[in-house]
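Each remark here refers to the structure printed beneath this line.
Bear in mind these aren't lab numbers, they're just calculated from the coordinates by the rules spelled out. Since the model is a prediction, treat every value here as computed from it, not as a measurement. Here the Cβ positions follow ideal geometry from the backbone for every residue, glycine too, while neighbour counts run over all protein chains shown.
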Amino acid sequence: MVEALKIIKAMQSGLRHLFYSRVTRRYPEVDSGLPEGYYSFDPKKGVATAGWKGRHYLEMDKCTGCQLCSFMCDEISNAIIMVEVPEVRFEQNKKSLFPSVDYGRCVFCGLCVDACPFECLHMTPEIRLADYDRKKLYYSPLELSIQPAVGKPSYVVGKRKERVEG
Ligand code: SF4
Ligand code: SF4
């Protein structure tokens, strides 16, 4: 008798939910509908701006090669490898040393972004990074420096707009 009541209760619950509107989205057929800002961190204010934590975007013209992002990642997953890019020369980065990321290791925690004191490392809405070839999960600094097709850095769409325009 008790078992039969349990079954009836379960069926009642199932029937009730037939008439509720769907709360899940059929991603990737249907767009996520989430805002397209990047996850960024303002080291001066110590404030993070919420956003996607997909592939990194590196502003090479601001990176000093200080390696703090890499030191931070060493504690997490060892996904950041500092590499020399001799063909790219900027005054602030005398050794032309830039971070590259192995997405076979990265756990998308964002701590490397938080650690960057020059606000030149961000995470973008580019989340479809899966590949059958392990080597293709490695992104060189030059690949990281390509701005993704979707989204904008949070400081352009968010509170720090004035900093960019000013
Ligand atoms: S997001 Fe986390 S795991 Fe990925 S590179 Fe940055 S610190 Fe490493
Ligand atoms: S991305 Fe930032 S933390 Fe990493 S090496 Fe460049 S300046 Fe330093």
Note the full-extension length gain between PHE118 and VAL30 as 0.36 nm times their separation in residues minus their Cα-Cα distance, in nm to one decimal. 28.1 nm
Per DSSP H run of n ≥ 4, the term is -39500 (n - 2.57); total these for the chain, divide by its residue number, and report the mean residue ellipticity at 222 nm rounded to 500 deg cm²/dmol. -6000 deg cm²/dmol
One-quarter of the Cα convex hull surface for the stretch 93-147, in nm²? 4.5
So if we plug the beta-carbon distance of VAL107 and SER13 into 1/(1 + (r/R0)^6) with R0 = 30 Å, what FRET efficiency do we get, rounded to 0.05? 0.25
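Got the relative contact order for the chain handy, in percent, Cα pairs under 8 Å and 6 or more residues apart?
On the way: 272 pairs, mean separation 47.1, N = 166.
Over the chain, the number comes to 28 percent.
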Kindly state, to the nearest 0.05, the FRET efficiency for ARG134 paired with ILE76, given R0 = 22 Å and r defined as their beta-carbon distance. 0.70
Assuming 0.36 nm per residue, please report the length gained on full extension of the stretch LEU5 to VAL88 beyond their Cα-Cα distance. 22.7 nm
Cα convex hull volume per residue for the chain (Å³): 198
What do you get for the angle between helix 2-17 and the principal long axis of the chain? Use alpha-carbon atoms, 0 to 90 degrees, nearest ten. 60
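What is the order of SER13, SER145, fewest Cβ neighbours within 10 Å to most?
Least crowded to most crowded, the residues run SER13, SER145.
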